[in-house]
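Taking it in order: structure first as structure tokens, then the write-up.
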2 protein chains.
Amino acid sequence: MAMLQLEETPTAMIDRVASLLESFVGERPLTLAEIARRSHVPRSSAHRILQRLVELGWVQRKQFKYTLGVRMFELGAQFPRRHNVHRAAVPVMADLHRRSGLTVHLSMLVGAEIMHLDRVGIWPTAGGQWSAGARQPVATTAAGRAMLATLPPDQWAELDFEDAPTCYSIRSRNQLARDLDRVRDRGGVAVDSQGTALGVTVVAAPIPTADADADEHFALSLCGPTQTLGLEAAIVEVRKAATTTWRAAAGVPPLRPRPVAATGHGSRANMPHAHSGR
Amino acid sequence: MAMLQLEETPTAMIDRVASLLESFVGERPLTLAEIARRSHVPRSSAHRILQRLVELGWVQRKQFKYTLGVRMFELGAQFPRRHNVHRAAVPVMADLHRRSGLTVHLSMLVGAEIMHLDRVGIWPTAGGQWSAGARQPVATTAAGRAMLATLPPDQWAELDFEDAPTCYSIRSRNQLARDLDRVRDRGGVAVDSQGTALGVTVVAAPIPTADADADEHFALSLCGPTQTLGLEAAIVEVRKAATTTWRAAAGVPPLRPRPVAATGHGSRANMPHAHSGR
């Protein structure tokens, strides 16, 4: 019996630590009782594990409440940085944001969801779903559909159309298929107008992957108020940014800029409208 | 004996999981042998734990190498967001960056180091030490000294002057004391000219804390090329930004803007020089 317990302990213990840490979803500090309830770890055991995690800096304790510690942030922050694509995207995103005034996201495909790896821009100010580290469903987001369109359906995770956030959301496999046709017609760029949140339009382009076997998929997107976002210019810009990112990530030298007329794509005049009227 | 092991197991196991995860410092994927060596966990045990962590999404495996998984990033990304100060700082940082062209950091005090919670701007492009989630020593950074100056020395962590990164770095307690006097003369703003990295000047202001007992300390900083950064304007701007952040975090209504002359502080003319000449 004692042997059996000894054998079982490692995996069970890892799972307990993981469950405890994962109970900190959301930004509110939690009491021991709340953590025990969320993680399904017995209170006394949860208390002992938390104590150690506090000592290690993984969890922080303030009076009688716990939150995630600085160590967690420190380690997690390395995740985006280890991707070539992220390194390549950072200056492209900054440039795109500065010229357009729109919020730029770099997102990756994680099962049936997208996860935002990085974000430049502060609009929309509300809504945790737009933060770096947050997830959104693949089918109801432009970045998600831009990535889906590059993959054969047998490589898709199982999609869920249950929780359509607005009345403009895609809510069936058929609707999705029709939208992906439009994505392909636009040369790979997906547009979501108020399907993720009312008043928000997002335009996204997949970042081509350097090797065909890559199992990681990324997209860049531009997000702005539906009322003022200049769709055509945003489509051109986001596609160009995705290509620039791919070239930098893959080590392909950038295209030599060709001379353009003063009102050409490179100029500010043609950029998608800044939401703040800047 | 078996009882003893059972008693010992939880803490030892937590420490092993933590050591394994913490061995992923740096951005390079690691082999099992490297992880075992770095974490001092026996290879067979490391293998078993990693397998479970891969299943849980905390670690990712590609062929024979391991990296941190998406779960780690997702959880860690919540850390800055749970601070009022971060929420308050986000729009202030974006505004400051847009107007100055300089890189803006929000950092917090963690023992004898500062940790960057957020960053807006892409310069300097090289050097992991400037990323969100990265740490720098308190004494050799402007943000660190801006925070130290607000604290009685008996609340400082033990400082280490061993690793002075440049010949301009502060390298003794006496030098530090003299610098903190200058910080106080500037109304709390710290200036570091090439003491962190050659060619880089950083100007930092502490964010006042709402309650005196707060054990968390934050600073905002502006970072730019030593050759072009306009010091006087940067000092004014970063102090103003820190106050604005504090007011927003503490729920104090913003000051009514007073009419200023066209060349006053609020205007672009007086802003610290954008490094890229934009």
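Numbers for the structure displayed
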{"quantity": "Table column - 3J(HN,Hα) (Hz), the range B:178-184, Karplus curve with 6.51, -1.76, 1.60, x for Gly and Pro", "calculated": "5, 5, 5, 4, 5, 4, 5"}
{"quantity": "Most mobile of A:A157, A:A46, A:A234 in a GNM of chain A (Cα contacts under 10 Å)", "calculated": "A:A46"}
{"quantity": "Where A meets B: accessible area buried, both sides, 1.4 Å probe, Å²", "calculated": "5300"}
{"quantity": "The range A:78-270: relative contact order as a whole-number percent, Cα under 8 Å and 6+ apart", "calculated": "21"}
{"quantity": "Kirkwood hydrodynamic radius over Cα pairs of the range B:10-72, then Stokes diffusion coefficient at 4 °C and 1.567 mPa s, in µm²/s", "calculated": "115"}
{"quantity": "Inter-chain shielding of B:128-141 (mean C-beta neighbours from other protein chains, 10 Å cut-off)", "calculated": "2"}
{"quantity": "Most mobile listed residue (B:R145, B:R81, B:R239) in chain B, GNM with C-alpha springs under 10 Å", "calculated": "B:R81"}
{"quantity": "Carbon + sulfur, % of accessible area of the range A:144-188 - ligands and nucleic acids excluded, 1.4 Å", "calculated": "42"}
{"quantity": "Where N is the number of residues in the range A:78-270, Cα Rg divided by 2.2 N^0.38 Å", "calculated": "0.97"}
{"quantity": "Amide H contacts under 5 Å for B:V200, placed H, 5+ residues apart", "calculated": "B:Q194, B:T226"}
{"quantity": "Given charges at beta-carbon only (K, R positive; D, E negative), |dipole| of the protein assembly as shown in Debye", "calculated": "1400"}
{"quantity": "Prolate/oblate/rounded label for the protein assembly as shown (Cα gyration tensor, a/c 1.5)", "calculated": "oblate"}
{"quantity": "Phi-based couplings in Hz for the range A:95-109 (Karplus 6.51, -1.76, 1.60; Gly and Pro marked x)", "calculated": "5, 5, 5, 5, 7, 9, x, 8, 7, 10, 10, 10, 10, 10, 7"}
{"quantity": "Teacher prompt: A:A33 distances to equivalent labels in other copies, 7 Å Cα→Cβ, nm", "calculated": "5.3"}
{"quantity": "Ellipsoid equivalent to the range A:105-210 - semi-axes via the Cα gyration tensor, in Å", "calculated": "19, 16, 13"}
{"quantity": "Dipole of the range B:44-171 [Lys/Arg +1, Asp/Glu -1 at C-beta], most positive-end residue of B:Q63, B:W130, B:H83", "calculated": "B:Q63"}
{"quantity": "Under-5 Å amide H pairs with A:L117, H placed in peptide plane, nonlocal only", "calculated": "A:L106, A:S107, A:M108, A:G133"}
{"quantity": "Carbon + sulfur, % of accessible area of the range B:10-72 - ligands and nucleic acids excluded, 1.4 Å", "calculated": "53"}
{"quantity": "Under Karplus coefficients 6.51, -1.76 and 1.60, residue-wise ³J(HN,Hα) of the range B:78-85 in Hz, glycine/proline x", "calculated": "7, 4, x, 5, 7, 8, 3, 4"}
{"quantity": "Inter-copy separations for A:R82, label at 7 Å along Cα-Cβ, nm, ascending", "calculated": "2.4"}
{"quantity": "Residue-averaged [θ]222 nm for the protein assembly as shown, counting only DSSP H segments that reach four residues, each worth -39500 (n - 2.57)", "calculated": "-12500 deg cm²/dmol"}
{"quantity": "The range B:68-167: C-alpha gyration tensor shape, a/c 1.5 cut-off, then a/b vs b/c", "calculated": "rounded"}
{"quantity": "Per residue, in Å², the accessible surface of the range B:79-270 once ligands and nucleic acids are set aside, probe 1.4 Å", "calculated": "46"}
{"quantity": "Most mobile of A:L222, A:L102, A:L75 in a GNM of chain A (Cα contacts under 10 Å)", "calculated": "A:L75"}
{"quantity": "Relative contact order (%) - the range A:10-73, alpha-carbon pairs under 8 angstrom, separation at least six", "calculated": "30"}
{"quantity": "Local net charge near B:E34, Cβ-Cβ under 10 Å (Lys/Arg +1, Asp/Glu -1)", "calculated": "+4"}
{"quantity": "Net charge of neighbours whose Cβ lies under 10 Å from the Cβ of A:A112, counting Lys and Arg as +1 and Asp and Glu as -1", "calculated": "-2"}
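The values are calculated or read from the model by the stated rules, or taken from the named source; none is laboratory data. Nothing here was measured: the structure is a model prediction, and the numbers come from that model. Every residue, glycine as well, gets a Cβ built from its backbone with ideal geometry; the counts of neighbours run over all protein chains shown. The accessibility values were calculated without ligands, DNA or RNA, using every heavy atom of the protein model including side chains. Shrake-Rupley method; radii C 1.70, N 1.55, O 1.52, S 1.80 Å.
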